[in-house]
Structure formats: structure tokens, C-alpha cells
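Peer 1: The structure's right below; bear with me while I get my questions together.
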Amino acid sequence: MRHCISTLLPGGDDVEILIVDDGSVKDNTASIADEYEAKYPGICRAIHQENGGHGSAVCTGILNATGVFFKVVDSDDWVDEKAYAQILKKLHEFVQSGEQLDMMVSNFVYEKEGARRKKVMSYRKVLPEEELISWDGIGHFMLGQYILMHSVIYRTQLLRDCKLELPKHTFYVDNIFVYQPLPHVKTLYYMNVNFYRYFIGRADQSVNENVMIGRIDQQLLVTRLMIGYYDPYTISYPKLKRYMILYLEIMMTISSILAIRSGTEENLEKKKELWEYLKKQNLRLYWRLRWGFLGQNVNLPGKGGRTVSVTIYKIAQKFYGFN
């Protein structure tokens, strides 16, 4: 956490660093937060609360933020100083010009432990660079190319106006954080800089595959919530509609693969129930996802079909560098 905060401090008085101590008792998070608040008054603020999980901490940040824009930086991640300065400069320009920016997107880097080559998630082939656009101006997102919490900065008031709520004691709510506000975004801006450094590869991380399987109920909950927020077919921007369907497709795929990888009949039944839930909630969306490329490949019949599904997943895993 100290490393994380140290990379944010160069923002100086332009940045308010909210350090949310989410009821930490097994480490010295609380004392470190107080230490930074005392050392950097007016820049760092320590907020202490009962444990509510990642989503609760993010919501507390939104509630307490006084800045125009809001960015989540997890405690084991960090930001690139040069890209940070460029982004702050551009955000300043938007505030000074009076132009409303709802969402800024930048690249992030998978800082995968033990990996020599660091994969960069770039959006340069789908978003025009340094141009204020609406959803009409975006290109086609490729498989594995998603706007994630690591790549997005939202206008703070937009997050409040869209009544963003994240469930407590639940992992994987970063997907909701990105997805739920999207239809409220009218303007976005992309900077082709490698700003966020996303640390990945530690055995106990929430995105470790074995950990995700152990928390599959939380993944399923998040997926169900996302299905229920909107009917994507009612979205007025055709390109945003396509992107949101693509996002739900990958959520259904991840949930299904985790159930298959677990190897238990109980989780395979939960997978079936998830697809039935989608069918009941939105039949049109169900047929689109169920018979799309990914939907077909995670619903192949029998043990042999599940083996094929996992093989396809492993190929994608190696290519895109996730988990």
C-alpha cells in the first residue's frame, strides 16, 4: 500500500487520495492511513469503516470524494508517474474549458508476477486518441478487450447520479463499477498512455483461478446483477449496445468456465441455473449469448465437451494473459 500511495502523491494538491481502511485487523492498514493523513494533510484522507468488502470501500470513496473525477487504485497496484502527469494535465484542461467529460479511458499493464513480457491492454484500435467523442465514435471491441476498472476514470457526479451501488462482502464488483454507469456516459476521451499497473499472479489474489472457483457464488451473483441492470437492446447507442452485450457474454463465459473447472456437479448445476436465469430475464439476449461462439463452446455436452471448453479457455488465457 505504501508503494501504491507513493505513486499517487506526485499529483500534489490536484489530487485527493482517499485511503479507505475497510475494517482491517490483520495488518496495519489503519495506522498507515492515519500516518499519511497526518503527513500530507489536505491531500491524503484516512477513512475508517467496518469491514464491508471491496465494493463497500469503493462506495465509501464515492460518497466522500470532493474531486471532479474519481479513480479507483487498489492497494497492491500503482500508477506510472509520467502517464499520471499527462492525465492530470488533460483533466485540468477539461475542467478549465467547461467541456463535460464523463469518462476517460487509458491503457493498463498486466504486471504479472514472474512474467518477463508485460502485456499492455491498449484501446488504440477501438477508440480515437485524444478526441472527445460520444459512443457513436467508438470502434469494435475485440474479444478480451474490455474497459475495466483499471482503465477508467469517471466523473464523480455521474457515479452518484446513476445511483451506483456495489454489494457488500462480494468480490468481482469491479465489473459492476464499470458496466452499470455506461448508459449514463455521454462523452468519453481516450489517452494512449500506460497509466495503471495491475499487479497479478499472487496465489491468494481474488483473480487467481483457484480463488475464483472457491468464490464462484460471488461471481455468479455479480453476473446476475449485471444481467438485471438493463436490457441492452433498449440502449440508444448501437455501438454501446453491442459492447454491453459483449461484456455480458464474457461474464457468462467466465462464470461457466469456473463451474466447469471446479469439476463438481453442484457447480455445474449452478451454471445451468445461471443460463436458465438469463433465459427467463431476457429471452432475446439468451439466444444471442447461448448460440454465440463463446456460449456454444461453454455449453458443449458431456465430459468430452467440457474438456474442449477448458482447452479453448486455456488458449485464450495464454493469449490474453489473464488470471
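Peer 1: Between Val185, Val207, Val222, which is surrounded by fewer than 18 Cβ atoms within 10 Å (Cβ to Cβ), farther than 26 Å from Lys82 by Cα and either modelled with pLDDT of 95 or more or β-branched (Val, Ile, Thr) (or both)?
Peer 2: Answer to the selection: Val207.
Peer 1: Residues of region 163-194 being out of contact with any Asp or Glu (no Cβ under 8 Å at 6 or more places or on another chain) and part of a helix (DSSP H, G or I), which ones?
Peer 2: If the condition is that a residue be out of contact with any Asp or Glu (no Cβ under 8 Å at 6 or more places or on another chain) and part of a helix (DSSP H, G or I), then Asp174, Asn175, Ile176, Phe177, Val178, Tyr179, Leu182, Pro183 are the ones that fit.
Peer 1: Oh, and also: Residues to consider are Asp76, Asp174, Asp102; find the one that is closer than 25 Å to Ala33 by Cβ, surrounded by 17 or more Cβ atoms within 10 Å (Cβ to Cβ) and of a type in the set (D, E, K, R).
Peer 2: Asp174
A quick yes/no check of all residues on (1) over 16 Å from the mean Cα position of the chain (by Cα); (2) modelled with pLDDT of 95 or more; (3) open to solvent by 50 Å² or more (accessible area, probe 1.4 Å):
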| site | (1), (2), (3) |
| --- | --- |
| Ser134 | yes, yes, no |
| Gln180 | no, yes, no |
| Val193 | yes, yes, no |
| Asp231 | yes, yes, yes |
| Ile235 | yes, yes, no |
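Peer 1: Continuing with the same structure: I'm told Gly292 meets every condition in (1) surrounded by 18 or more Cβ atoms within 10 Å (Cβ to Cβ); (2) under 30 Å from Gly137 (Cα atoms); (3) small (Gly, Ala, Ser) except one. Can you identify the failing condition by its number?
Peer 2: Exception for Gly292: condition (1).
Peer 1: Further question on the same structure: Those residues that are in contact with a helix residue (DSSP H, G or I) (Cβ under 7 Å, 6 or more places away or on another chain) and aliphatic (A, V, I, L, M), I need them from region 108-131; list them, please.
Peer 2: Met121
Peer 1: Using the structure shown, decide if Tyr36 is among the aromatic types (Phe, Trp, Tyr), in contact (Cβ under 8 Å) with a residue 60 or more places away in the chain and open to solvent by less than 60 Å² (accessible area, probe 1.4 Å).
Peer 2: No, not satisfied.
Peer 1: Tell me, please, whether a residue that is in a loop (DSSP other than H, G, I, E, B), open to solvent by less than 10 Å² (accessible area, probe 1.4 Å) and not aromatic (Phe, Trp, Tyr) can be found in region 244-265.
Peer 2: No, that holds for no residue.
Peer 1: With respect to Lys280, is the statement that it is among the charged types (D, E, K, R) and modelled with pLDDT under 95 true?
Peer 2: Taking the combined requirement at face value, the residue does not satisfy it.
Peer 1: Of all residues being within 17 Å of Ile213 (Cα to Cα) and under 24 Å from the mean Cα position of the chain (by Cα) in region 283-318, which is modelled with the lowest pLDDT? Just the residue, please.
Peer 2: Gln317
Peer 1: Take Phe108 and decide whether it is closer than 26 Å to Asn208 by Cβ and surrounded by fewer than 20 Cβ atoms within 10 Å (Cβ to Cβ).
Peer 2: When the stated conditions are applied, Phe108 does not pass them.
Peer 1: Identify the single condition in (1) touching a strand residue (DSSP E or B) at 6+ places or on another chain (Cβ under 7 Å); (2) part of a loop (DSSP other than H, G, I, E, B) that Ala57 does not satisfy, given that it satisfies every other one.
Peer 2: Going through (1) touching a strand residue (DSSP E or B) at 6+ places or on another chain (Cβ under 7 Å); (2) part of a loop (DSSP other than H, G, I, E, B) one by one, Ala57 breaks only (2).
Peer 1: Tell me, please, whether a residue that is within 21 Å of the chain's Cα centre (by Cα) and at pLDDT 95 or above can be found in region 25-33.
Peer 2: No - not one qualifying residue is present in region 25-33.
Peer 1: Does Glu269 count as among the acidic types (Asp, Glu), open to solvent by 10 Å² or more (accessible area, probe 1.4 Å) and either modelled with pLDDT of 95 or more or not in a helix (DSSP H, G or I) (or both)?
Peer 2: Criteria met by Glu269.
The values are calculated or read from the model by the stated rules, or taken from the named source; none is laboratory data. Every value quoted in this text rests on a predicted model; they were computed, and no experiment measured them. Quick reminder, even Gly has a Cβ in these numbers, built from the backbone with ideal geometry, and neighbours come from all protein chains shown. All accessible areas refer to the heavy atoms of the entire protein, side chains included, with ligands and DNA or RNA removed. Shrake-Rupley method; radii C 1.70, N 1.55, O 1.52, S 1.80 Å.
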